[in-house]
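A quick write-up on the structure given underneath.
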Amino acid sequence: MIPGPIECEANVLEAMGAPTPGHTAPDFITSFANCLSMMKQVWQCPSGQPFIIAGTGTLAMEMAAANLIERGDKALVISTGYFGARYARILECHGAEVTMLEADPGQTIDNEMVEKTLKSEKYKVMTFTHVDTSTAVRTDAQALGQLGSKYGALTILDGVCSVAGENIAQEDWGIDVVLTASQKAIGVPPGLALMVVSEKAMQTWEKRKTPATGYYTDWANWLPIMKAYESNQPAYFGTPATNLIKALEKGLENIINEGMQQRFKRHEILGKAFRAAMIALGLTIIPSSETLSANTLSAPYLPDGVQFADFMAAMGHTKVAIAGGLLQSIKTRYFRVGHMGSTGMDEIRLCVEGISFALNECGLKVDAEAAWEAAMEHLKEVESDS
Ligand code: PMP
């Protein structure tokens, strides 16, 4: 139950483990075309340009920056944790003049503050992290997308920990780039950088005055490949990760077959249930309100007196793998649990029991049953749906 890579469903792993297809094999071409088309559906962006590139989420972040930034362009980064700071660094690498609005752990930046900043200067690009995996804080992607459009900034949403787990209506919300990686709520092993780009952002890129700062990242190299596969033709620039693309086809099918809205609702219930259990155990969670709490992962503080190393050592005796802290300033004071993809009630139960066991091992007296009952108040909804 770490927040990625997550466990994959059996049909995804079967597709992944099939004999490696060639990138020109007819069956593979169909799978690639299916993936590109399903991405537009999952991203809720019918007029967008999807890209599937071998690499990680950081490559997707870099690709958006390398293609949309020209030296001296101003970029605004809304940072709610570790990954906001990463984006600022990437943008600087590509020549942007970066302004970063940095929230305290567990907080976000008020929309009024964002608006004031956008009003004060002309920003070409604004980036924001939908769910920062270091704090479990979720930003208001719809409001930020609309603010960016209002002030003429291209908006880039880092959705690595949200796409397919949190609702994102990219086209309706006017977000120009929504990017993710395969290993989180998409439910596929790590190795694919995924993004959908709006028509407006593609036009801005076409009008660049200077060449894009990168070779592997240049859309000029990749756009013809995506266009070819979209029309059922093979094309080559860099060898596609063929096994991963076969797995992605199954992952996207699973998402669409579950029903997007049902899937978001399931994640919401799992998130609420898990947080309720943690609160029943006496823990405080990092996001300062329910509205700011992600559905895809949770980040509870350890209780006073419990040492991080002792807690993680005790967790090692359970069947559940969780993650430690990531945000440097509070790194050893909290832990992180992912509840995305195919996670269900059984996993939440095992996890609540595991954490209760570990806290008891650390000398606390916590009641696992009471925590599970608190979770069940929410989980009943999943049970009655299934
Ligand atoms: N952004 C967010 C919000 C993430 O959670 C991560 C990965 N944890 C990344 C970006 C970077 O993705 P990757 O590790 O695949 O490069």
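The values are calculated or read from the model by the stated rules, or taken from the named source; none is laboratory data. Just so it is clear, the model here is predicted, and its values are computed rather than measured. Ideal geometry is used to build each Cβ from the backbone, glycine not excepted, and the neighbour counts take in all protein chains shown. To get the accessible areas, we keep the full protein, side chains included, count just its heavy atoms, and leave off ligands, DNA and RNA. Shrake-Rupley method; radii C 1.70, N 1.55, O 1.52, S 1.80 Å.
Here are the numbers for the structure shown:
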| quantity | calculated |
| --- | --- |
| Furthest towards positive pole of dipole, L292, A228, Q261, structure part the range 228-342, Cβ charges | L292 |
| Residue-averaged [θ]222 nm for the chain, counting only DSSP H segments that reach four residues, each worth -39500 (n - 2.57) | -14000 deg cm²/dmol |
| Accessible carbon and sulfur surface of the chain relative to its total accessible area, %, 1.4 Å | 51 |
| Rg over Rh, two decimals, the range 54-185 (C-alpha only, Kirkwood Rh) | 0.92 |
| Helix axis angle, 242-258 relative to the chain longest principal axis, alpha carbon, degrees | 60 |
| Loop trypsin sites (Lys or Arg not before Pro), the range 72-170, which have at most 12 other Cβ atoms in a 10 Å radius of their Cβ (DSSP) | K122 |
| Kirkwood-Stokes translational diffusion coefficient of the range 213-304, alpha-carbon pairs, 25 °C, 0.890 mPa s, µm²/s | 143 |
| In the range 109-151, the GluC sites (Glu not before Pro) that fall in loop regions by DSSP, at most 12 other Cβ within 10 Å | E121 |
| Pairs of Cα atoms farther than 18 Å apart, the range 274-318, % | 35 |
| Hydrodynamic radius by Kirkwood, which averages 1/r over all alpha carbon pairs of the range 112-237, in angstrom | 16.0 |
| Net dipole in debye of the chain [+1 Lys, Arg Cβ; -1 Asp, Glu Cβ; about Cα centre; nearest 20] | 980 |
| Of the trypsin sites (Lys or Arg not before Pro) in the range 292-386, those whose Cβ has at most 11 other Cβ within 10 Å and which sit in DSSP loop | K319, K365 |
| Per residue accessible area of the chain, 1.4 Å probe, in Å² | 40 |
| Inter-part distance where the range 64-130 and the range 171-249 are each reduced to a Cα centre, Å | 22 |
| Rounded D (µm²/s) - the range 1-81, Kirkwood Rh over Cα pairs, Stokes-Einstein at 4 °C, 1.567 mPa s | 80 |
| Percent of Cα pairs exceeding the 37 Å cut-off, where the set is the chain | 21 |
| The range 271-386: radius of gyration over Cα atoms, expressed as a fraction of 2.2 N^0.38 Å | 1.00 |
| Exposed-site-free run, longest, the chain (rule: chymotrypsin sites (Phe, Trp or Tyr not before Pro); DSSP loop; at most 12 other C-beta within 10 Å) | 1-214 |
| For the range 279-296 and the range 361-379, distance of Cα centres in Å | 15 |
